[in-house]
Amino acid sequence: MKRQIAVALTLLLFTAPAWAQEQAKPAPPKAVERALAAVAKHLTNQYALYLYESLTEHILNNDSLLERPGSTNAPKAQDSLWALEIISNSILKEEADGRYLNAGKVPEFFESLAHRYMNASHYWPEREITKETRREHLAAWYSLYLMLLVGNATQEEISNRLRNGAFSLDPGMLETGGPSLVDRLKKDGVLTNETYALVQIQRAGQAGGESLTFPPYMDRWKAKIERAYALTPAP
(Lines give C-alpha, C1' and ligand atoms only; values in the text may rest on other atoms or scores of the structure.)
Protein backbone atom coordinates (compact mmCIF):
# COMPACT_ATOMS: atom_id res chain seq x y z
CA MET A 1 0.00 0.00 0.00
CA LYS A 2 2.37 2.65 -1.18
CA ARG A 3 1.20 6.20 -1.59
CA GLN A 4 1.92 6.32 -5.31
CA ILE A 5 -0.84 3.80 -5.98
CA ALA A 6 -3.52 6.16 -4.67
CA VAL A 7 -5.38 8.36 -7.15
CA ALA A 8 -4.55 12.07 -6.86
CA LEU A 9 -7.38 14.24 -5.63
CA THR A 10 -7.55 18.04 -5.50
CA LEU A 11 -7.48 19.26 -1.92
CA LEU A 12 -10.41 21.54 -1.19
CA LEU A 13 -10.53 23.30 2.17
CA PHE A 14 -13.97 24.80 2.57
CA THR A 15 -14.66 27.62 4.98
CA ALA A 16 -17.95 28.67 6.50
CA PRO A 17 -19.59 31.79 5.07
CA ALA A 18 -18.48 35.00 6.78
CA TRP A 19 -21.92 35.60 8.26
CA ALA A 20 -21.91 32.15 9.85
CA GLN A 21 -18.55 32.75 11.47
CA GLU A 22 -19.67 36.15 12.78
CA GLN A 23 -22.87 34.85 14.33
CA ALA A 24 -21.54 31.57 15.67
CA LYS A 25 -20.56 31.60 19.32
CA PRO A 26 -17.32 29.85 20.32
CA ALA A 27 -17.99 26.24 21.16
CA PRO A 28 -17.35 25.20 24.78
CA PRO A 29 -13.93 23.48 24.77
CA LYS A 30 -15.11 20.55 26.93
CA ALA A 31 -17.92 19.84 24.49
CA VAL A 32 -15.57 19.97 21.48
CA GLU A 33 -13.11 17.59 23.13
CA ARG A 34 -15.90 15.22 24.10
CA ALA A 35 -17.43 15.21 20.61
CA LEU A 36 -14.16 14.62 18.76
CA ALA A 37 -13.09 11.89 21.18
CA ALA A 38 -16.41 10.11 20.69
CA VAL A 39 -15.92 10.04 16.92
CA ALA A 40 -12.30 8.91 17.27
CA LYS A 41 -13.24 5.94 19.44
CA HIS A 42 -15.51 4.59 16.68
CA LEU A 43 -13.05 4.72 13.76
CA THR A 44 -13.26 0.99 13.11
CA ASN A 45 -11.57 -0.87 10.25
CA GLN A 46 -13.54 0.46 7.29
CA TYR A 47 -13.13 4.04 8.52
CA ALA A 48 -9.42 3.43 9.04
CA LEU A 49 -9.14 2.19 5.44
CA TYR A 50 -11.03 5.21 4.16
CA LEU A 51 -8.78 7.47 6.21
CA TYR A 52 -5.72 5.88 4.65
CA GLU A 53 -7.07 6.49 1.16
CA SER A 54 -7.79 10.14 2.00
CA LEU A 55 -4.38 10.52 3.59
CA THR A 56 -2.49 9.29 0.55
CA GLU A 57 -4.51 11.53 -1.75
CA HIS A 58 -3.68 14.59 0.32
CA ILE A 59 0.00 13.64 0.28
CA LEU A 60 -0.04 13.44 -3.51
CA ASN A 61 -1.80 16.77 -3.80
CA ASN A 62 0.70 18.57 -1.59
CA ASP A 63 3.54 16.92 -3.49
CA SER A 64 2.12 18.44 -6.67
CA LEU A 65 2.02 21.91 -5.06
CA LEU A 66 5.73 21.68 -4.31
CA GLU A 67 6.46 20.85 -7.94
CA ARG A 68 5.17 24.27 -9.07
CA PRO A 69 8.10 26.72 -9.29
CA GLY A 70 7.70 29.80 -7.13
CA SER A 71 4.41 28.68 -5.61
CA THR A 72 3.30 30.86 -2.69
CA ASN A 73 1.70 27.74 -1.23
CA ALA A 74 5.04 25.93 -0.95
CA PRO A 75 5.69 26.62 2.78
CA LYS A 76 2.22 25.43 3.76
CA ALA A 77 2.45 22.43 1.41
CA GLN A 78 5.81 21.46 2.90
CA ASP A 79 4.44 21.65 6.43
CA SER A 80 1.32 19.78 5.35
CA LEU A 81 3.50 16.91 4.15
CA TRP A 82 5.28 16.97 7.50
CA ALA A 83 1.91 16.74 9.26
CA LEU A 84 0.66 13.97 6.99
CA GLU A 85 3.86 12.01 7.56
CA ILE A 86 3.27 12.17 11.32
CA ILE A 87 -0.19 10.69 10.82
CA SER A 88 1.18 8.02 8.47
CA ASN A 89 3.90 6.99 10.91
CA SER A 90 1.33 6.75 13.69
CA ILE A 91 -1.09 4.42 11.90
CA LEU A 92 1.21 2.35 9.69
CA LYS A 93 3.47 -0.51 10.71
CA GLU A 94 6.63 -1.81 9.10
CA GLU A 95 6.62 -5.31 7.65
CA ALA A 96 9.28 -7.19 5.72
CA ASP A 97 7.67 -6.30 2.39
CA GLY A 98 6.56 -2.73 3.16
CA ARG A 99 4.36 -0.58 5.37
CA TYR A 100 0.81 -1.60 6.16
CA LEU A 101 -2.14 0.06 7.84
CA ASN A 102 -2.49 -0.77 11.53
CA ALA A 103 -6.22 -0.15 11.83
CA GLY A 104 -6.20 -0.73 15.58
CA LYS A 105 -3.97 2.31 16.07
CA VAL A 106 -6.34 4.73 14.33
CA PRO A 107 -8.89 5.30 17.15
CA GLU A 108 -6.12 5.59 19.75
CA PHE A 109 -4.16 8.13 17.70
CA PHE A 110 -7.09 10.43 16.95
CA GLU A 111 -8.53 10.23 20.44
CA SER A 112 -5.17 11.29 21.87
CA LEU A 113 -5.18 14.27 19.49
CA ALA A 114 -8.64 15.34 20.62
CA HIS A 115 -7.61 15.24 24.27
CA ARG A 116 -4.25 16.93 23.71
CA TYR A 117 -5.30 19.85 21.52
CA MET A 118 -8.94 20.43 22.38
CA ASN A 119 -8.97 20.17 26.16
CA ALA A 120 -10.22 23.16 28.14
CA SER A 121 -6.80 23.97 29.63
CA HIS A 122 -4.95 24.14 26.32
CA TYR A 123 -7.70 24.76 23.76
CA TRP A 124 -5.61 25.21 20.62
CA PRO A 125 -8.15 27.01 18.39
CA GLU A 126 -7.97 29.95 20.83
CA ARG A 127 -4.17 30.11 20.96
CA GLU A 128 -2.04 32.69 19.24
CA ILE A 129 -0.36 31.36 16.10
CA THR A 130 3.02 32.65 15.00
CA LYS A 131 5.41 31.68 12.24
CA GLU A 132 7.25 29.59 14.80
CA THR A 133 4.16 27.70 16.01
CA ARG A 134 2.13 27.49 12.81
CA ARG A 135 3.48 24.08 11.75
CA GLU A 136 2.24 22.26 14.84
CA HIS A 137 -1.11 24.04 14.64
CA LEU A 138 -1.40 22.95 11.01
CA ALA A 139 -0.58 19.35 11.95
CA ALA A 140 -3.22 19.28 14.70
CA TRP A 141 -5.86 20.97 12.55
CA TYR A 142 -5.10 18.76 9.53
CA SER A 143 -5.45 15.58 11.57
CA LEU A 144 -8.83 16.57 12.98
CA TYR A 145 -9.93 17.85 9.56
CA LEU A 146 -9.25 14.41 8.04
CA MET A 147 -11.03 12.70 10.91
CA LEU A 148 -14.12 14.84 10.38
CA LEU A 149 -14.11 14.07 6.66
CA VAL A 150 -14.03 10.36 7.45
CA GLY A 151 -16.65 10.61 10.18
CA ASN A 152 -19.07 12.43 7.86
CA ALA A 153 -18.62 10.13 4.85
CA THR A 154 -21.63 7.97 4.04
CA GLN A 155 -21.35 4.21 3.68
CA GLU A 156 -21.86 4.65 -0.07
CA GLU A 157 -18.95 7.07 -0.30
CA ILE A 158 -16.72 4.78 1.73
CA SER A 159 -17.53 1.66 -0.27
CA ASN A 160 -17.04 3.46 -3.60
CA ARG A 161 -13.65 4.82 -2.51
CA LEU A 162 -12.40 1.50 -1.16
CA ARG A 163 -13.49 -0.47 -4.23
CA ASN A 164 -11.36 1.79 -6.42
CA GLY A 165 -8.52 2.32 -3.98
CA ALA A 166 -5.36 0.59 -2.87
CA PHE A 167 -6.97 -2.34 -1.10
CA SER A 168 -8.75 -4.30 -3.87
CA LEU A 169 -11.52 -5.27 -1.49
CA ASP A 170 -14.35 -7.59 -2.39
CA PRO A 171 -17.41 -5.33 -2.86
CA GLY A 172 -19.44 -7.90 -0.95
CA MET A 173 -17.45 -7.08 2.16
CA LEU A 174 -18.57 -3.47 2.18
CA GLU A 175 -21.86 -1.91 3.20
CA THR A 176 -23.27 0.36 0.54
CA GLY A 177 -26.12 1.92 2.44
CA GLY A 178 -26.55 3.67 5.71
CA PRO A 179 -25.66 6.92 7.40
CA SER A 180 -22.32 8.48 8.16
CA LEU A 181 -20.52 7.62 11.38
CA VAL A 182 -21.50 10.90 13.07
CA ASP A 183 -25.15 10.44 12.07
CA ARG A 184 -25.13 6.90 13.45
CA LEU A 185 -23.54 8.04 16.71
CA LYS A 186 -26.25 10.68 17.11
CA LYS A 187 -28.97 8.12 16.42
CA ASP A 188 -27.45 5.74 18.96
CA GLY A 189 -27.27 8.46 21.60
CA VAL A 190 -23.45 8.61 21.73
CA LEU A 191 -23.61 12.21 20.47
CA THR A 192 -26.11 14.70 21.86
CA ASN A 193 -27.58 17.47 19.74
CA GLU A 194 -24.85 19.75 21.08
CA THR A 195 -21.91 17.45 20.44
CA TYR A 196 -23.29 16.31 17.08
CA ALA A 197 -23.23 19.92 15.84
CA LEU A 198 -19.54 20.07 16.78
CA VAL A 199 -18.56 17.21 14.46
CA GLN A 200 -21.10 17.51 11.63
CA ILE A 201 -20.04 18.76 8.20
CA GLN A 202 -22.95 20.44 6.43
CA ARG A 203 -23.30 19.95 2.69
CA ALA A 204 -24.92 22.12 0.05
CA GLY A 205 -25.25 21.74 -3.70
CA GLN A 206 -25.23 18.87 -6.16
CA ALA A 207 -23.38 15.65 -5.33
CA GLY A 208 -19.88 15.77 -6.75
CA GLY A 209 -19.77 19.56 -6.71
CA GLU A 210 -21.17 20.27 -3.28
CA SER A 211 -19.67 22.70 -0.81
CA LEU A 212 -18.79 21.63 2.71
CA THR A 213 -19.17 23.74 5.83
CA PHE A 214 -17.11 22.61 8.80
CA PRO A 215 -17.96 23.40 12.44
CA PRO A 216 -17.15 27.07 13.17
CA TYR A 217 -14.26 26.36 15.57
CA MET A 218 -12.47 24.45 12.79
CA ASP A 219 -12.94 27.30 10.32
CA ARG A 220 -11.80 29.93 12.82
CA TRP A 221 -8.73 27.88 13.63
CA LYS A 222 -7.96 27.35 9.93
CA ALA A 223 -8.25 31.09 9.23
CA LYS A 224 -5.72 31.86 11.97
CA ILE A 225 -3.32 29.26 10.58
CA GLU A 226 -3.60 30.67 7.06
CA ARG A 227 -2.90 34.17 8.33
CA ALA A 228 0.26 32.79 9.92
CA TYR A 229 1.25 31.54 6.46
CA ALA A 230 0.27 34.93 5.00
CA LEU A 231 -2.29 33.22 2.78
CA THR A 232 -5.15 35.46 3.87
CA PRO A 233 -5.01 39.09 5.03
CA ALA A 234 -5.40 39.87 8.70
CA PRO A 235 -8.89 41.21 9.60
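The values are calculated or read from the model by the stated rules, or taken from the named source; none is laboratory data. Source: prediction; values computed, not measured. Counting neighbours? That spans all protein chains shown, and the Cβs are built from the backbone with ideal geometry, glycine included.
This table checks each residue for (1) at pLDDT 90 or above; (2) of a type in the set (Val, Ile, Thr); (3) over 15 Å from the mean Cα position of the chain (by Cα).
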site: Phe109; (1), (2), (3): yes, no, no
site: Arg116; (1), (2), (3): yes, no, yes
site: Asn119; (1), (2), (3): yes, no, yes
site: Trp124; (1), (2), (3): yes, no, yes
site: Thr130; (1), (2), (3): yes, yes, yes
site: Ser143; (1), (2), (3): yes, no, no
site: Glu157; (1), (2), (3): no, no, yes
- Quick one: is Ala40 surrounded by 14 or more Cβ atoms within 10 Å (Cβ to Cβ), modelled with pLDDT of 90 or more and within 25 Å of Arg220 (Cα to Cα)? yes
- Task: Restricting attention to region 110-132, report how many residues are surrounded by fewer than 19 Cβ atoms within 10 Å (Cβ to Cβ), within 20 Å of Ser80 (Cβ to Cβ), of a type outside the set (Lys, Arg) and in contact (Cβ under 8 Å) with a residue 40 or more places away in the chain.
- Result: 1
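Going through region 54-93 one residue at a time, which ones are of a type in the set (Lys, Arg) and touching a residue at least 60 places away in the same chain (Cβ under 8 Å)? Before the answer, list the steps.
Pass one, region 54-93, residues of a type in the set (Lys, Arg): 68, 76, 93.
Lys76, the sole residue that qualifies.
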- Scanning region 126-166 residue by residue, those closer than 30 Å to Ala228 by Cβ and outside any helix (DSSP H, G or I) turn out to be Arg127, Glu128, Ile129, Thr130, Lys131, Glu132, Thr133, Asn152, Ala153
- Reported set for region 61-101 where residues are surrounded by 15 or more Cβ atoms within 10 Å (Cβ to Cβ) and either of a type in the set (S, T, N, Q) or part of a loop (DSSP other than H, G, I, E, B) (or both) is Asn61, Asn62, Ser80, Ser88, Ser90
- Message: I'd like the full set of residues that are within 21 Å of Val106 (Cα to Cα) and at pLDDT below 90, limited to region 161-193.
- Response: Arg161, Leu162, Arg163, Gly165, Ala166, Phe167, Ser168, Leu169, Met173, Leu174, Glu175, Pro179
